[in-house]
Every structure is written in C-alpha cells, then in structure tokens.
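Okay, structure first, notes after.
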Amino acid sequence: AALALLGSSAAAVVVWKWLGKRQIQKKMEEARRTRDEGVKKMAQAVQQFREQVPSVQADAILSLPLLELTGRLREGSLSPKTVLYTYLEKALEVTQQTNCVRHFIPECEEQLQEIQRQREKGLLYGIPVSIKDHIGHKGHLSTCGLVQCLGTPVQEDSILVKVLKRQGAIPFAMTNVPQSLFNYDCSNPIFGQTLNPFNHQKSPGGSSGGEGALIAGGGSILGIGSDTGGSIRLPSSFCGLCGLKPTAERLSVWPIHLLNGDVCSRPTPVPCALGPMARDVDSLALCMKALLCEEMFRLDPTVPPMPFDEEVYSSSALLRIGYYDTDGYFPLPPCMRRAVQETRGALQAAGHQLVPFSPPRIHYVMTELFLKTFFADGGRAWLDVFTGGIVDPNLKSQVNCCKIPSLGKKLLALILKPLQFLLLLLLKLKNVATISTCRSVKEMWNHHHQIEAYRTEFIARWKELRLDVVLCPVLGPAFTTGYPGKLLTAISSTMLYNVLNFPAGVVPVSTVTEADEEELKLYQGCCDDPWDRTLKQAVAGAVGLPVAVQCVALPWREELCLRLMKEVETLSQEK
C-alpha cells in the first residue's frame with residue numbers, strides 16, 4: 001500500500017510538472033502570437049499609407065540626421081505622419097532580418113494626433129522614438145524576456161516616456177532584450193535571438209541589444225536604453241552607434257520595471273541609468289536637452305533641476321584628457337586598443353593635452369564591488385525570477401553556478417583558486433562561484449562603504465592629474481552570438497563607470513581591418529588561458545565591423561562627456 005501511495009504521488013508530481021510546463025508554453029505562444037499580430041497590423045497600416053501617399057522619398061528621409069530632421073518637421077517641409085510611417089516601414093524590414101522589435105506601439109497613431117494639438121512644438125516634435133522593453137509604456141508589457149512578466153500590462157507611462165511625448169516625440173516600438181537583462185547578448189526564450197544588422201552571425205550586444213540592432217539597421221533614429229554594467233555602451237560598440245550612460249540620477253528612472261516585478265527606483269550602490277542611443281553625438285545632445293526640462297523636474301522631484309548646459313557642449317576650449325588602452329584586468333582585442341591610440345594621436349594633434357591615466361585596482365572593483373552588488377545574496381533573488389520558467393541557453397552557466405550551495409561554492413573557490421589559469425571549468429565558475437556574498441546587514445553596509453571609498457580614491461587620482469575627461473577602451477568588436485554568456489567579466493571596461501556612477505559614452509571611430517584580424521591570431525590576452533582563447537573566438541571574423549572608444553567625465557558632467565565624444569567623432573570623420 002505504501003509503495004502504491006508512493007507511486008501515485010510520484011505520478012502526480014510528474015503530471016503537475018508537465019501541466020506547469022504546458023501552461024508556460026501556452027503563455028509564450030500567446031505572447032509571440034500577440035507580437036506577430038501587431039506586426040501584421042502595422043504592416044497593413046504602412047501599406048495603406050503608401051497607397052495614399054505613393055510619392056514619399058523614403059531613402060531621403062531615412063538619411064537625414066536627427067538635427068536636420070527636427071528642423072524640417074518644425075518648419076513644416078516634412079509632416080510627422082510621413083516621417084512616422086517611413087520609419088515604421090523601415091523598422092518592419094529591419095526586424096524581419098534581425099528580430100529586434102519586441103512589440104510595435106499602435107498608440108503611436110494617437111500620439112501623432114496629440115502632437116498636432118499641442119500649443120508649442122517640442123524639441124523632438126514628430127520624431128519617432130524606440131524604447132527598450134522594460135521602459136514602461138501604458139497598456140504594454142515590460143517583460144525582461146521572462147514568462148512571469150507576461151501577465152499584466154503597465155498601467156501608466158514611465159516619466160521618461162511622458163517627457164518624450166511632451167517634447168513631441170512619438171514612441172513607436174519596444175525592443176528586444178536578453179532574458180532578465182543580465183547578459184550582453186540579446187536573446188530570450190519568448191521572443192528569440194536578436195542579430196547584429198551588419199553580420200547575422202554576430203550579437204548586437206546587450207542588454208539594450210534590440211535598440212542597437214534597430215537603430216544601426218536604420219529602423220529608428222533615436223532610442224532609449226538602460227545601463228547597469230554597459231547595457232547602452234556595449235550595443236553601441238557592437239553596432240557602431242553613439243550611446244550615452246548618464247549619471248544615474250540625471251534622468252528619471254521611475255518606474256522602470258525590473259526582473260521581479262519591482263521597479264528600478266530603490267537605492268542601490270550600482271544604480272541603473274537610462275540614456276539615449278543614436279547615429280551621431282548631436283542626436284544624443286539634443287535628446288538630453290529635450291529630456292532635461294521643467295516637465296522632467298516637475299514629475300520627478302528627485303531629479304536635480306539641472307537643464308542641459310549648451311555652452312559646455314558647444315565650447316571649443318582645449319581639454320586635458322586622461323587616457324589608457326587597457327584596464328589591466330581583461331586585455332581587449334588589438335583593434336580596440338588601436339582605436340584608443342589612434343584617437344589619442346588625433347586629439348593631441350588637434351591641440352588637446354593627453355595624460356596617461358591608470359584606473360586603480362580593477363580586479364578588486366570587478367569581484368568585490370560590482371559582482372558582489374548583484375550576488376550579495378548568492379544570486380537567490382535572481383534565481384527566483386526563473387521559477388517555473390525556462391532559462392535561455394545563454395544564461396544557463398550563470399544560473400547553474402548560482403544554484404551551487406554556498407558550501408559548495410566555498411569549496412570550489414578554494415580548489416580552483418590555485419588552478420585558475422589552467423582549468424577550462426573556470427570559464428563557467430570564476431564569474432559567479434568564487435564571489436563572496438554579504439552574510440549580514442553589517443557586511444552589506446561595509447560593502448556600500450567600500451564602493452564610496454573607491455569612488456573617493458578614483459576622484460582623488462583624477463583631480464591630482466587635473467583631468468577634464470578620460471578616453472579609454474570599450475569591449476568590442478561584436479561577439480559571435482552565444483559568446484557573451486561565457487565571458488561575463490569581460491565587461492570590466494564599462495562596468496567600472498557604473499560602480500563609479502560617472503557619465504560615460506561610446507563613439508565609433510574605425511572598423512576592423514584585415515591587419516587587425518591577423519594581429520588577433522597572435523593575441524594571448526592575460527596568459528593565453530581558456531578564458532583568453534574564448535575571447536579570441538568570440539571576436540574572430542569581424543572584418544568591416546565597427547570599432548569604438550569610450551569617453552568619460554565626472555558625475556553630473558554629461559555635457560563635458562558629450563563634448564569629448566563630439567570632438568572624437570569629428571576627428572575620426574576627418575581621418
């Protein structure tokens with residue numbers, strides 16, 4: 001009888017699990033069906049517009065830089081409707097090739113009517129804007145690529161979307177992200193893998209990868225991403241775009257939806273920042289100018305009422321620029337270091353003063369400050385978001401590491417530490433298994449204090465050298481899809497400025513050459529270990545793909561950061 005009871009209990013568990021999986025599958029299928037129906041309706045609306053207005057010069061409109069497009073819209077030589085449908089048509093084409101749009105926003109038609117009723121034309125009047133999946137738009141899901149987020153649409157526009165609309169912009173698409181946002185590839189089990197528009201074997205980066213692919217493919221002229229470890233800057237690097245991560249509190253993040261249905265508003269030592277992505281630096285500056293307005297400061301009183309300082313951005317004063325081409329933690333491919341050295345030479349030739357700068361203790365920052373922030377509880381909160389769901393293949397190694405019991409992690413850390421350059425296993429375990437957690441409230445407070453102490457140390461070194469800004473490398477060129485999940489700690493170049501909460505932006509300056517590819521064959525990284533060889537495989541076959549640099553300023557000096565970015569952009573175009 002006992003055996004029969006045991007057998008029937010086991011069978012019930014199996015049936016229950018099967019029903020749970022079937023339910024999840026149904027939810028995912030429903031989400032994909034809703035997306036596909038939205039694409040079909042948008043394609044029909046575009047077709048209808050084309051029949052009504054057959055003479056639209058789409059290529060001419062798509063080739064206009066943002067500043068010129070806003071001028072044409074404001075003077076009336078182009079209509080917002082023509083521009084919107086031109087970009088919708090192009091976005092449909094780009095997403096068909098790269099799977100970058102998670103959902104089109106049908107209410108863009110209503111916003112089109114609304115801006116024509118506004119008394120004053122805002123700075124972004126008539127500009128179609130794409131937004132990242134988890135930036136709240138009323139009536140739409142913020143999924144983070146997670147099944148558990150498929151239930152409830154957002155009840156209200158996020159403050160940033162409200163301000164965009166007040167400035168005359170038309171949000172028209174929400175873009176794809178990696179599952180849980182904790183990856184710099186761009187795939188999730190619900191909506192699939194997003195591809196790099198320049199090479200479909202390559203990733204667009206992440207977590208704002210859908211934005212990167214859509215803008216680089218020409219399907220959007222301005223996008224809004226978010227960045228906690230490089231999520232604006234890495235897609236910008238991989239896709240050849242300009243992207244700015246501001247000081248986290250410079251733009252409102254309320255309410256940006258996170259993994260567990262919570263919002264990106266609670267205080268955290270490494271905060272989430274929202275920022276613009278576009279094809280040129282002037283577009284980023286215009287977007288920041290539009291967002292830093294009275295409406296933003298009124299809707300979110302926690303945002304400092306600091307309008308955009310046009311004088312700083314437009315200044316031609318010579319700068320004192322710190323530079324480095326490696327952080328000493330994760331050696332980047334030769335082409336990325338070449339980009340910094342060439343840019344340094346161009347800036348020096350233009351009269352700027354270039355000063356060698358070395359960021360302190362990056363290994364400590366990466367393991368003790370950055371990763372410990374996210375895995376303070378051993379990754380338990382992160383694991384909770386996958387409960388009952390399906391884990392994307394690109395995240396499985398990190399998820400499996402977090403599932404190892406604490407005692408097991410400690411034993412692994414002890415065993416692996418002396419062998420860390422010899423064991424292939426470390427590719428999966430070094431990132432997460434050896435991270436110490438915060439075991440008490442006191443340890444958590446101490447962790448916060450360590451971050452503040454490091455910021456103080458970094459700023460002191462910056463001031464000692466009397467620097468205005470810093471030029472440094474960014475991870476790239478674009479990785480082959482699937483590789484970012486194997487190299488979590490390769491993001492040290494971007495992560496540093498999230499820990500410091502400094503504004504940092506990326507500008508494309510070159511492309512990968514045949515000579516770069518040849519030099520890559522000789523790349524040995526730190527010590528030619530399996531980790532370094534994985535990076536080599538990840539970036540191989542990138543001839544013709546974009547190569548970028550990173551520009552950094554002190555907190556609240558976004559205009560100065562953009563000023564350096566503009567200078568770098570101008571010099572690279574002249575070259």
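Ranked from highest to lowest mean number of other Cβ atoms within 10 Å per residue, what is the order of the peptides 309-316, 88-95, 41-48, 125-132?
Details: 309-316: 13.0, 88-95: 21.2, 41-48: 15.0, 125-132: 26.4.
Averaged packing, sorted descending, gives the order 125-132, 88-95, 41-48, 309-316.
What does the C-alpha gyration tensor say about the overall shape of segment 313-371? Classify as rounded when a/c is under 1.5, otherwise prolate if a/b is larger than b/c, or oblate.
Values: a/c = 2.86, a/b = 1.77, b/c = 1.61.
Note, shape of segment 313-371 comes out prolate.
With labels modelled as points extended 7 Å from the Cα through the Cβ direction, what inter-label distance (nm, one decimal) is found for D384 paired with S440?
For the pair D384/S440, the computed spacing is 2.3 nm.
Any aspartates and glutamates with Cα under 15 Å of the K575 Cα? List them, leaving off those in the same chain fewer than 8 positions away.
Filter leaves E342, E567.
What are the ³J(HN,Hα) values, in whole Hz, obtained from phi via the Karplus relation 6.51 cos²θ - 1.76 cosθ + 1.60 with θ = phi - 60°, for each residue of segment 350-364 in sequence order, with x given for Gly and Pro?
Whole-Hz 3J(HN,Hα) from phi for segment 350-364: 7, x, 6, 9, 9, 10, x, 9, 10, x, x, 6, 5, 4, 4.
Greater than 21 Å separation of Cα atoms is the criterion. Which listed pairs, K90/K162; K138/K165; K40/K162; K27/K162; K396/K486; K27/K202, meet it? Don't skip to the end; give the middle numbers.
Details: K90/K162 25 Å; K138/K165 12 Å; K40/K162 27 Å; K27/K162 30 Å; K396/K486 10 Å; K27/K202 29 Å.
With Cα atoms farther than 21 Å apart: K90/K162; K40/K162; K27/K162; K27/K202.
To the nearest 20 Debye, how big is the dipole of the chain about its Cα centre, given +1 on the beta carbon of each Lys and Arg and -1 on that of each Asp and Glu? Don't skip to the answer; put the middle values down first.
Values: 60 positive and 56 negative charges, 335 e Å.
Using Cβ point charges on Lys, Arg, Asp and Glu, the chain gives about 1620 debye.
Taking amide hydrogens as modeled 1.01 Å from N in the peptide plane, which residues meet the under 5 Å criterion relative to V509, leaving out close sequence neighbours?
The answer is V547, A548, V549.
If amide H atoms are built 1.01 Å from N in the plane of the peptide, which residues on other chains or at least 5 residues away come under 5 Å of the amide H of I135?
Hits under the 5 Å cutoff: none.
Determine the per residue accessible area of segment 430-516 with all protein chains present and a 1.4 angstrom probe, expressed in square angstrom.
Details: 3150 Å² over 87 residues.
Here the residues of segment 430-516 average 36 Å² of exposed surface.
Show me the ranking of peptides 445-455, 200-210 by mean Cβ neighbours inside 10 Å, starting with the highest. Kindly include the intermediate steps, with their values, before the conclusion.
Details: 445-455: 14.4, 200-210: 29.1.
Descending mean neighbour count gives 200-210, 445-455.
Could you state the accessible area per residue of segment 46-303 in Å², with a 1.4 Å probe and every protein chain left in place?
Numbers: 8170 Å² over 258 residues.
Result: 32 Å² of accessible area for each residue.
What figure, in Å² to the nearest 10, do you get for the accessible area of T34 with a 1.4 Å probe and non-protein molecules left out?
For T34, the solvent-accessible surface is approximately 60 Å².
Tell me whether the chain comes out rounded, prolate or oblate; compute the Cα gyration tensor, take square roots of the eigenvalues as a ≥ b ≥ c, and use a/c under 1.5 as the rounded threshold. Before the final figure, lay out the partial values.
Numbers: a/c = 1.57, a/b = 1.09, b/c = 1.44.
Verdict is oblate for the chain.
Give me the percent of accessible area attributable to carbon and sulfur for the chain, probe 1.4 angstrom.
Values: 13090 of 23460 Å².
On the chain, the fraction of accessible area on carbon and sulfur atoms equals 56 percent.
For T481, list long-range residues whose amide hydrogen, built 1.01 Å from N in the peptide plane, is under 5 Å from its own amide hydrogen.
K202, S203
I'd like the accessible area for F297: 1.4 Å probe, protein heavy atoms, all chains in place, Å² to the nearest 10.
20
Stretched out fully, how many nm does the piece from E518 to Q96 gain, at 0.36 nm a residue minus the Cα gap?
Values: separation 422, 0.36 × 422 = 151.92 nm, distance 3.37 nm.
Gain on stretching E518 to Q96: 148.5 nm.
Need one value: the accessible area of E51 in square angstrom, 1.4 angstrom probe, rounded to the nearest 10.
Here the residue's solvent-accessible area equals roughly 130 Å².
Going by average Cβ density within 10 Å per residue, which order do the peptides 461-467, 323-329 take, highest to lowest?
Details: 461-467: 13.7, 323-329: 18.7.
The densest-packed peptide leads the list: 323-329, 461-467.
The values are calculated or read from the model by the stated rules, or taken from the named source; none is laboratory data. For clarity, every value in this text was computed on a predicted model and none was experimentally measured. Counting neighbours? That spans all protein chains shown, and the Cβs are built from the backbone with ideal geometry, glycine included. Quick note on the areas: whole protein, heavy atoms, side chains included, nothing else; ligands and nucleic acids left out. Shrake-Rupley method; radii C 1.70, N 1.55, O 1.52, S 1.80 Å.
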